[in-house]
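Trainee: If you scroll down you'll find the structure; I have some questions about it.
Bear in mind these aren't lab numbers, they're just calculated from the coordinates by the rules spelled out. Remember, it's a predicted structure, so these values are computed and weren't measured experimentally. Here the Cβ is made from the backbone with ideal geometry for all residues, glycine too, and neighbour counts use every protein chain on show.
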Amino acid sequence: MIRLIYRRIEIGTGDGGISNLGFGKRGIVTSCRAVLLPRFGGPEMLEFRDNVSVPDLKLNQVLVRARAVSINPLDTRMRSGYGRSIFEPLLPLILGRDISGEVAAVGNSVKSLTVGQDVFGALHPTAVRGTYTDYAILAEDELAPKPGSLSHVEASAIPFAALTAWRALKSTARIREGHRVLVIGGGGAVGFSAIQLAVAAGCHVSTTCGGESISRILAAGAEQAIDYTSEDAEVALKGHFDAVLDTIGVPDTERMGISLLKKGGHYMTLQGEAASVTDRHGLAIGLPMAAAILLKKQIQYRYSHGIEYWWNYMRADAEGLHEIRRLSEAGKLQLPVDKTFPISKVREAHEAKDRRQIPGKVVLEID
């Protein structure tokens with residue numbers, strides 16, 4: 001059931017408005033515009049459609065009128081077929097994880113959010129109905145009040161990347177003041193979020209990155225930023241670390257990261273093999289096979305190096321999202337947005353990301 005609390009209905013009459021919205025008897029949106037992915041492939045597979053149905057809310061869910069949604073690497077990978085063993089039977093999909101917008105309606109058990117409130121948040125990686133839509137549905141614990149100092153565009157760039165970094169550093173490695181943290185690949189959204197989270201926790205932070213990111217990273221509080229294109233990072237990095245977050249996840253960075261850990265330290269990679277193994281072998285065989293691969297590596301590194309090894313994924317974390325909000329409000333956690341596109345230009349946005357024409361965050365605006 002849904003409370004009768006939809007604040008206002010917006011029906012556009014021109015190119016910039018909301019077209020073809022359907023409303024149920026209780027004033028809640030029943031259809032809206034959305035970007036659908038009917039089959040895997042390139043950006044040309046993305047279809048911007050009217051009259052896409054909006055499911056009924058469950059008790060703990062929130063209907064969000066989207067104002068801005070950011071594009072994550074997971075979106076372009078899923079569009080190309082990453083995770084097909086999970087998602088192919090569920091096509092068409094709506095891509096998108098991040099969102100910033102306004103609460104349009106809430107389920108009966110939702111207590112912390114109210115209609116009309118500005119919110120931001122992120123869906124978990126396996127969500128089928130994403131945020132590339134006028135109206136997205138998220139669980140209450142996947143949302144928090146939007147930082148008042150940020151625009152919807154700025155806010156939408158943060159949650160998924162920051163929660164991925166939070167899960168690695170705070171939930172898994174349990175970093176604390178005085179720890180030494182290494183972020184391999186600090187120039188990307190997750191890496192830069194991790195640097196800011198670790199600095200805010202009072203850690204000593206080092207990172208590898210491209211030369212164009214060094215000044216931004218040092219300004220955020222990192223003590224050492226190594227340009228991997230011109231220096232030997234393994235030689236340049238001094239001492240050993242309590243935690244290593246590897247956002248690159250290739251064999252060379254894994255070997256380097258593990259070699260630089262203290263005994264009892266945590267190595268976390270964003271490039272876990274679960275999805276790729278299940279895509280090759282199917283869910284029935286792939287999932288237990290991936291679990292066996294991870295367990296083998298964990299045992300191997302625990303005995304050979306005395307360290308903990310993890311595949312890291314984003315998970316919903318209400319406490320983490322509220323801390324991310326607090327840090328963003330205080331100016332201690334921000335992700336710069338390089339370019340925005342109207343959501344109707346989603347193909348062009350994905351093409352630009354595929355061709356690496358825009359290195360930083362890209363956001364889709366929904367008018």
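Trainee: Using only Cα atoms, what Kirkwood radius does the range 305-361 have, in angstroms?
Mentor: About 14.9 Å, per the Kirkwood formula over Cα pairs.
Trainee: Taking only DSSP H segments of four or more residues, each worth -39500 (n - 2.57), what value at 222 nm results for the chain once the sum is divided by all its residues, to the nearest 500 deg cm²/dmol?
Mentor: When only DSSP H runs of four or more count, the value is -8000 deg cm²/dmol.
Trainee: Then there is this: Using Cα pairs closer than 8 Å and at least 6 residues apart in sequence, work out the relative contact order for the range 72-160, in percent.
Mentor: 31
Trainee: Right, something else. On the principal axes of its Cα set, how long, how wide and how thick is the range 108-247? Give whole Å, largest value first.
Mentor: Principal-axis extents of the Cα atoms in the range 108-247, largest first: 56, 30, 28 Å.
Trainee: Which ³J(HN,Hα) values in Hz, rounded to whole numbers, follow from the phi angles of the range 316-322 under the Karplus curve 6.51 cos²θ - 1.76 cosθ + 1.60, where θ = phi - 60° and Gly and Pro get x?
Mentor: Values per residue, Gly and Pro as x: 4, 8, 4, 4, x, 5, 5 Hz.
Trainee: What relative contact order, as a whole-number percentage, does the chain give when Cα pairs under 8 Å and 6 or more residues apart are counted?
Mentor: RCO, the chain: 17 percent.
Trainee: Please report the antiparallel percentage of the DSSP beta bridges confined to the chain, to the nearest 5. Before the final figure, lay out the partial values.
Mentor: Numbers: 33 of 61 bridges.
Among the beta bridges of the chain, antiparallel pairing accounts for roughly 55 percent.
Trainee: Still on this structure: For a protection proxy built on the mean count of beta-carbon atoms within 10 angstrom, sort 310-318, 202-210 highest first, please.
Mentor: Highest to lowest by the protection proxy: 202-210, 310-318.
Trainee: Related question: Report the Stokes-Einstein translational diffusion coefficient (µm² s⁻¹, integer) for the range 218-331, Rh taken as the Kirkwood radius over Cα pairs, at 20 °C with viscosity 1.002 mPa s.
Mentor: 131
Trainee: Something else about it: Semi-axes of the equivalent ellipsoid for the range 78-149, please: Cα gyration tensor eigenvalues, times 5, square-rooted, ordered largest first, whole Å.
Mentor: Working from the Cα gyration tensor, I get semi-axes of 26, 13, 10 Å.
Trainee: Something else now. Could you tell me how far the Cα centroid of the range 45-98 sits from the Cα centroid of the range 284-322, in Å?
Mentor: Their Cα centres are 26 Å away from one another.
Trainee: Can you pull the Kirkwood radius for the range 167-276, inverse mean 1/r over Cα pairs, to one decimal in Å?
Mentor: Answer for the range 167-276: a Kirkwood hydrodynamic radius of 13.5 Å.
Trainee: Provide the net charge surrounding Arg167, with neighbours chosen by a C-beta distance below 13 Å and charges set as Lys +1, Arg +1, Asp -1, Glu -1.
Mentor: On the way: positive: Lys170, Arg174, Arg315; negative: Asp317, Glu319, Glu323.
Every neighbour counted, the sum reads 0.
Trainee: Comparing Lys262, Lys345, Lys238, which has the greatest mean-square fluctuation in the GNM of the chain with Cα pairs linked when under 10 Å apart?
Mentor: Lys238
Trainee: Considering the Cα positions of the chain, please state its Rg to one decimal place and its Dmax as a whole number of Å.
Mentor: Expressed in Å, the Cα Rg and Dmax of the chain come to 20.8, 67.
Trainee: Taking only C-alpha pairs under 8 Å that are 6+ residues apart, what is the relative contact order of the range 222-367 in percent?
Mentor: On the way: 157 pairs, mean separation 23.3, N = 146.
Reported relative contact order: 16 percent.
Trainee: Now, a different point. Most mobile of Pro159, Pro342, Pro288 per a Gaussian network model of the chain (Cα springs, under 10 Å)?
Mentor: Comparing Pro159, Pro342, Pro288 in the GNM, the peak value goes to Pro288.
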